[in-house]
Structure formats: C-alpha cells, structure tokens
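These notes are about the structure you will find just below.
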Amino acid sequence: MSADRMASPNLERPWPPGQTPVDTFPIYDIVSPRPVFNPDTYRLIVQGAVERPFALTWPALQALPTVEVVAHFHCVTKWSKERLVWEGIPTRLLVERARPKAGVVQIMARGLDGYTTNVPLAYLLEPDTLLAYRLNGQPLSPEHGAPLRLVVPQLYAWKSAKYLSGLVFQTDWVPGFWEERGYHLIGDPWEEQRYTEPLEQVRRWWRAVRRTEVERP
C-alpha cells in the first residue's frame, strides 16, 4: 500500500531569511567512514523520561504506518533544497507509544555515528516530522543518512539527524553535538535561530509560542 502524501506547512510559509535554493544536495558527516547498517542487528531505542520505553527492529520499523512528506530543506549554512519527498514513519506515532512523562521538553536524537542533536518535543508532534527511510521515491542512500533519518522540516537541517539509532526524552534543555559548539537549541529558520542564545531566553521564547499535547490512547 502506498503511503499518504502531505505537503509540509513549510511550503506555504515565506522563504526563510538568508536562504538560497541550490541544485545540488550538499553532504555533511562528523565521522569517516560512515557507519555500516546491519538490518539483522539494528535497533531504534526509545528511552528516557517516558512511561513505556521500547526498541524496534528494522522489520518492526518497516511494518509501521508511513507517510510521504513534500518539504523544503533549509540548512543553517544558508542553502536550501526545494520540494524533497521524504517517506517514513510519523514521529507522533512513536511519541504516543512512548508516553512522555510530565515535564519533557525535548528529545535527544542519536545517530550510529555518535552524532546527537536536541529537538523540542512539540516538533515531533507535527504531522510533517518523520523518520524517513526513502527519499524522492528511492531507498535512503548512505550519504543522506540510511538506514533512518529524523526529518524535521520546520527546523534547520542539522536537527534532521542521520543514521538514527535512538530517541531520548529529556526534561531540560540539553545541547547536542552542534549545539555544544554554538548552534541554537531550537533552530527555527524563520526566526534565524542559527546560533546560541542564553538558556533562560530559550525557555521564555518556548513558553510563549509552544504548547505540547500528547494523545494518550
């Protein structure tokens, strides 16, 4: 059965300030060589401040409902790739299964390469955020994050962690790899949240603009 296709809200928003469309798709990695995917041993680990931690094998992940999301992809280094088509698992399904505890504000995404990035929990509840294993109708390639990539179209691209192996739910703002090196804890392209702000300022901004609701079936 083919996945339902939806347009990300980022297609309708004004173009983020400072961004330029490109024809290429630049590749960034923090290690060389890239991690090797073994479908027999791979596990996606969901843990942290949740009522129901769990792990999913590769076959179990592929059996979950999927969605196709058409979205622009905005890099903090000011290039943008237009109208990519990602296919994979809506992150909201995993959040609802895990049942975050009261006070959770973010998840830490972890990659097989050791990469980490923090993502505010509310973005995982957006319908266009997904765990992608296909891109533009083809299986996700190693250079773009196979086997699984977190894709968060409403944030800068460094939040879309490649080689995804884990999601850790956390009750405070904890920086990931690039955030520890001066990148913003949120990363909203329309706010030009490229680089760091004082933690208390991040908390105030988040309380003012976000509400987190998790369905509990």
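Lys and Arg at +1, Asp and Glu at -1: add these up for the other residues within a Cβ distance under 11 Å of V119 and post the number.
-1
When DSSP assigns beta bridges and you keep just the ones with both residues in the chain, what percent turn out antiparallel, to the nearest 5?
Bridges in the chain that DSSP calls antiparallel: roughly 75 percent.
Of the residues S160, S80, S141, which exhibits the maximal mean-square fluctuation in a Gaussian network model of the chain defined by a 10 Å Cα contact cut-off?
Its mean-square fluctuation being the largest, the pick is S141.
Using the Karplus equation 6.51 cos²θ - 1.76 cosθ + 1.60 (θ = phi - 60°), what ³J(HN,Hα) coupling, rounded to whole Hz, does each residue of the range 49-63 give in order, writing x for Gly and Pro?
Karplus-based 3J(HN,Hα) across the range 49-63 equals 7, 9, 7, 9, x, 7, 10, 10, 6, 4, x, 5, 5, 5, 7 Hz.
Rounded, prolate or oblate for the chain? Axes are the square roots of the Cα gyration tensor eigenvalues, ordered a ≥ b ≥ c, and the cut-off for rounded is a/c under 1.5.
rounded
Given the options T66, T116, T57, which has the most mean-square fluctuation in a GNM of the chain, springs set between C-alpha atoms less than 10 angstrom apart?
T57
Most fluctuating residue of F177, F73, F25 in a GNM of the chain with Cα springs under 10 Å: which is it?
Looking only at F177, F73, F25, the largest GNM fluctuation is found for F25.
What dipole magnitude, in Debye to the nearest 20, does the chain give about its Cα centre under +1 on Lys/Arg Cβ and -1 on Asp/Glu Cβ?
The dipole magnitude comes to about 340 debye.
When the helix-only estimate is applied to the chain (DSSP H runs of n ≥ 4, each -39,500 (n - 2.57), divided by the residue count), what is the mean residue ellipticity at 222 nm, nearest 500 deg cm²/dmol?
-3000 deg cm²/dmol
Once phi is turned into θ = phi - 60°, what whole-Hz ³J(HN,Hα) does the Karplus curve with 6.51, -1.76 and 1.60 give for every residue of the range 21-33, x standing for Gly and Pro?
Karplus-based 3J(HN,Hα) across the range 21-33 equals x, 10, 8, 7, 10, x, 10, 10, 9, 9, 9, 9, x Hz.
Which whole-angstrom value gives the distance between the alpha carbon centres of the range 142-161 and the range 1-28?
Taking the Cα centre of each part, the range 142-161 and the range 1-28 sit 12 Å apart.
What relative contact order, as a whole-number percentage, does the range 108-175 give when Cα pairs under 8 Å and 6 or more residues apart are counted?
Relative contact order comes out at 41 percent.
Each reported figure results from applying straightforward, stated rules to the coordinates on display, with no laboratory input. Keep in mind that what you see is a predicted model, and the values were worked out from it rather than measured. Heads up, the Cβs are rebuilt from the backbone with ideal geometry, glycines too, and the neighbour counts pull from every protein chain shown.
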